[in-house]
Amino acid sequence: MLNVKEKKIAIVGTSPIMLIFAKVLSKKNSVTIFEKKKIGGAWIYDKVMNLNTNLFTNVIVPTNKITEKKTIKLNNFLKSFNVKVKSNKKSYRSVSPFRPRPIYQYDFSSFYPEILKEKKINIKKINIKYVNERKQYVLINKKLKFDMIFIPLYNSLRFIQYLNKKIFIPFKKIISKHIIFVTKKPIIKDLYYCEQGHEFFDRMQIKKNKKLYIFTARIAKKFKSQNKLFFIKNFSFLDSNEVYYSKINSYINYYRNKKQIENLKSINSKKIKIVNTAQLFISISTYFLKD
Ligand SMILES: Cc1cc2nc3c(=O)[nH]c(=O)nc-3n(C[C@H](O)[C@H](O)[C@H](O)COP(=O)(O)OP(=O)(O)OC[C@H]3O[C@@H](n4cnc5c(N)ncnc54)[C@H](O)[C@@H]3O)c2cc1C
């Protein structure tokens with residue numbers, strides 16, 4: 001997949017793994033990224049009270065013993081892309097029975113500018129609606145010609161024209177809501193990350209940045225219609241006098257289930273590459289870390 005040179009390559013979206021593909025492929029090819037919204041996908045970073053932080057709960061964690069062995073390699077790989085890595089001694093509680101040790105915390109704030117300053121990578125704010133594989137090239141939106149295109153799993157394309165057939169790749173648009181609080185106290189002592197730890201939230205994360213604590217959480221389905229004042233008032237761990245900043249952000253995910261992902265992956269051809277983006281640890285291990 002990565003062994004190509006002197007090609008004109010299109011990449012859909014800007015989640016970290018797609019940006020890593022862009023950077024690596026740009027060494028020997030010309031690369032254009034198509035991103036219709038903000039840079040980062042589900043890993044968006046933004047300035048909050050002058051702190052550059054992830055807006056959603058994001059962790060990179062191995063899911064079994066085999067992948068856990070790759071953690072040090074993965075950390076070194078990410079460091080080479082300007083990701084800051086530090087070990088985290090605070091509590092990590094996922095719903096998975098596997099308990100990885102140790103847990104690391106990753107800071108992508110310098111990763112994005114590092115990739116985006118790359119002169120050999122073009123970024124175009126264009127929504128890709130059509131991908132049509134022809135004999136000699138791939139035609140994007142009926143007019144842009146590329147030699148190859150790399151497509152992540154959670155993209156908004158509804159079909160791809162391939163081998164003279166229209167392949168439907170349906171998805172479900174899911175809008176998730178995420179709250180962010182900045183406080184002077186950690187809110188929940190000794191917690192780094194937790195799934196299903198509170199009825200309001202199904203993922204919670206607390207990161208320290210300078211002297212402040214940034215709490216991010218994905219709001220549980222039942223509470224999605226509530227506004228931030230509801231959480232400030234009712235989240236029992238929170239001292240409302242300590243909240244310096246609060247906001248609810250939304251994210252549009254073009255979700256595909258297992259069957260839809262298999263259908264999408266079956267498209268893989270010489271010119272159309274489907275990248276497995278389901279989990280960042282697995283994506284990096286699969287494509288970049290040799291055994
Ligand atoms: C809120 C959230 C948090 C997550 N947290 C984690 C985590 O902590 N750890 C983990 O391993 N996994 C996490 N995941 C799983 C996540 O799906 C992957 O880590 C990864 O980001 C998926 O990459 P992706 O490129 O497929 O999709 P996304 O990250 O959703 O990025 C897709 C990007 O492509 C753009 N795009 C889509 N279609 C088009 C188009 N047709 N034309 C132009 N641009 C387009 C979108 O605007 C978006 O920026 C999370 C998922 C979500 C939704």
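Just so you know, all these numbers are worked out from the coordinates, no wet-lab data involved. Bear in mind the structure is a predicted one, so any value in this text is a computation, not a measurement. Backbone-built Cβ (ideal geometry, glycine too); neighbour counts: all protein chains shown.
Values for this structure:
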quantity: DSSP beta bridge pairing in the chain, given as percent antiparallel to the nearest 5; calculated: 70
quantity: Theoretical FRET efficiency, 1/(1+(r/R0)^6), r = Cβ-Cβ of Lys221 and Lys166, R0 30 Å, to 0.05; calculated: 0.35
quantity: For the range 115-173 versus the range 44-95, the gap between their alpha-carbon centres in whole angstrom; calculated: 29
quantity: CD proxy at 222 nm, helix term only [per DSSP H run n ≥ 4: -39500 (n - 2.57); per residue of the chain; nearest 500]; calculated: -5000 deg cm²/dmol
quantity: Cα-only Debye scattering, the chain: base-10 log of I(q)/I(0) at q = 0.09, 0.10, 0.11 Å⁻¹; calculated: -0.47, -0.58, -0.70
quantity: Size of electric dipole in the chain: Cβ of Lys, Arg +1 and of Asp, Glu -1, about Cα centre, debye, nearest 20; calculated: 740
quantity: Within the chain, longest stretch clear of exposed GluC sites (Glu not before Pro) (DSSP loop, no more than 11 other Cβ within 10 Å); calculated: 7-198
quantity: Whole-number percent relative contact order across the chain, with pairs defined as alpha carbons under 8 Å at least 6 apart; calculated: 21
quantity: Rh by Kirkwood over Cα pairs, then Stokes-Einstein D for the range 138-291 at 1.567 mPa s and 4 °C, µm²/s; calculated: 70
quantity: Intensity falloff of the range 174-254 expressed as log10 I(q)/I(0), Debye formula with alpha-carbon point scatterers, at q = 0.26 Å⁻¹; calculated: -1.43
quantity: Mean Cα-pair separation over length for the range 174-254, i.e. relative contact order, pairs under 8 Å, 6 or more apart, %; calculated: 45
